[in-house]
Amino acid sequence: MSPVVLAIIPIFGLILLGFILRRLEFPSLDFWPVSERLTYYVLFPALLVSGMADRAFDGSALGLALTLAGAVCLVGAFLMLVKNMFAMDGPAFTSVFQGAIRPNTYVGMSAAAALLGPDWMTLSAVALLTLVPLVNVLCVLVLSRHGKYGGGLGRVGLELVKNPLILACAVGLLLNVTGLALPRLLNDLLAILGTAALPMGLLAVGAGLRMEGLGERALPVVLASLAHLVALPLAAFGCAQLLGVTGFALDAALIYTAIPVSVSAFILARQMGGDHRVMALIITVQTALSAVTMPILLHLLGS
């Protein structure tokens with residue numbers, strides 16, 4: 001069996017386990033929203049800060065960043081151009097747009113840890129520092145234009161400033177650049193917290209999946225899934241070829257574009273007037289399909 005498949009099976013096994021536990025209401029229905037907030041605001045930031053502080057960045061970082069940014073901008077621009085070709089309202093389109101470009105960092109970091117060797121954290125930090133700000137800006141702007149409630153440019157800045165992943169990457173990068181070292185006790189504490197981030201994040205992804213109403217909203221779900229799971233990684237591969245990005249940097253670009261859409265897209269859709277029901281279905285379908293599409297794309301296009 002392919003090493004890529006062997007690495008990805010446990011990731012989606014944890015997602016499936018989270019889905020099953022949530023349906024069994026174990027340990028309770030109230031547990032899952034709390035665990036997701038804990039993972040998002042504490043465990044993942046701890047993993048990023050402790051993992052980035054002593055990593056060395058090389059010349060591949062710029063190529064990876066440009067590859068990811070280019071792929072997102074190409075797919076986003078294409079969707080804006082073809083928007084009027086599809087019979088869907090503005091809120092539904094915002095969910096398609098989010099579904100096409102917003103990455104699930106839980107799945108991405110888990111796949112990176114399994115496939116990118118000892119420098120997976122460095123490559124993941126570059127990917128997150130590129131994708132999280134860019135995707136948030138683009139999605140908030142589209143929601144402001146086509147959602148029910150909007151939010152304006154001020155909302156973009158607020159989303160970026162309060163994003164714990166961006167803040168954690170910034171702190172880790174600052175420690176890395178300045179050569180400052182965290183006190184050993186603090187570093188050990190962050191490292192221990194970080195070990196829980198990936199499994200808890202994947203369980204939370206599974207717990208958030210919903211399937212109700214798929215037949216009535218098939219068009220936006222299919223469009224977003226094709227854009228994200230096929231067009232986005234293909235665009236990343238094309239950008240990588242143009243920029244001469246190879247090796248683990250190429251694999252990182254493929255991983256962070258082939259992963260499904262983030263569960264946080266549902267929250268933003270609900271807050272800014274997107275179609276959150278369509279968003280929930282897009283998240284569920286992409287998560288299920290990516291278990292098949294990710295290993296295929298990584299096998300065919302990876303280094």
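The values are calculated or read from the model by the stated rules, or taken from the named source; none is laboratory data. It should be emphasised that the depicted structure is a prediction, and the values quoted were computed from it without experimental measurement. Note that we place each Cβ from the backbone using ideal geometry, even for glycine, and neighbour counts take in every protein chain shown.
Brief remarks follow.
- Some residue of region 243-255 being crowded, with 24+ Cβ neighbours inside 10 Å, at pLDDT below 95 and among the β-branched types (Val, Ile, Thr): no
- The listed residue being at pLDDT below 90, part of a helix (DSSP H, G or I), of a type outside the set (Gly, Ala, Ser) and crowded, with 22+ Cβ neighbours inside 10 Å, out of CYS169, CYS239: CYS169
- Pairs with Cβ under 9 Å, 6+ apart, first in region 166-190 and farther than 21 Å from SER124 by Cβ, second acidic (Asp, Glu) and assigned to a helix (DSSP H, G or I): none
- Residue in region 223-230 that is free of Cβ contacts under 8 Å to residues at least 60 places away in the same chain and closer than 26 Å to LEU24 by Cβ present: no
- Counted residues, region 242-265 - those being over 24 Å from GLY117 (Cβ atoms) and in a helix (DSSP H, G or I): 3
- THR122 being at pLDDT below 90, hydroxyl-bearing (Ser, Thr, Tyr), under 19 Å from the mean Cα position of the chain (by Cα) and assigned to a helix (DSSP H, G or I): yes
- Subset of region 180-200 (residues that are under 26 Å from the mean Cα position of the chain (by Cα) and either over 14 Å from ARG22 (Cβ atoms) or part of a loop (DSSP other than H, G, I, E, B) (or both)): ASN187, LEU189, LEU190, ALA191, ILE192, LEU193, GLY194, THR195, ALA196, ALA197, LEU198, PRO199
- Here is the figure for region 267-278: residues that are under 28 Å from LEU64 (Cβ atoms) and either crowded, with 24+ Cβ neighbours inside 10 Å or modelled with pLDDT of 95 or more (or both) total 1.
- Condition broken by PHE57, with the remaining ones in (1) out of contact with any Phe, Trp or Tyr (no Cβ under 8 Å at 6 or more places or on another chain); (2) among the hydrophobic types (A, V, I, L, M, F, W, C); (3) at pLDDT 85 or above satisfied: (3)
- Filter result for the condition that a residue is touching a residue at least 40 places away in the same chain (Cβ under 8 Å) and assigned to a loop (DSSP other than H, G, I, E, B), over LEU268, LEU209: LEU209
- Screening region 1-117 for helices (runs of 4 or more DSSP H) wholly inside it with 1 or more residues that are in contact (Cβ under 8 Å) with a residue 40 or more places away in the chain, buried (at least 24 other Cβ atoms within 10 Å of the Cβ) and out of contact with any Cys (no Cβ under 6 Å at 6 or more places or on another chain) returns the ranges 3-23, 44-52, 60-82, 90-101, 105-115.
- So ASN163, is it closer than 22 Å to ARG37 by Cβ, surrounded by fewer than 21 Cβ atoms within 10 Å (Cβ to Cβ) and either in contact with a Leu (Cβ under 8 Å, 6 or more places away or on another chain) or in contact (Cβ under 8 Å) with a residue 12 or more places away in the chain (or both): yes
- Some residue of region 219-235 being surrounded by fewer than 23 Cβ atoms within 10 Å (Cβ to Cβ) and under 17 Å from PHE12 (Cβ atoms): no
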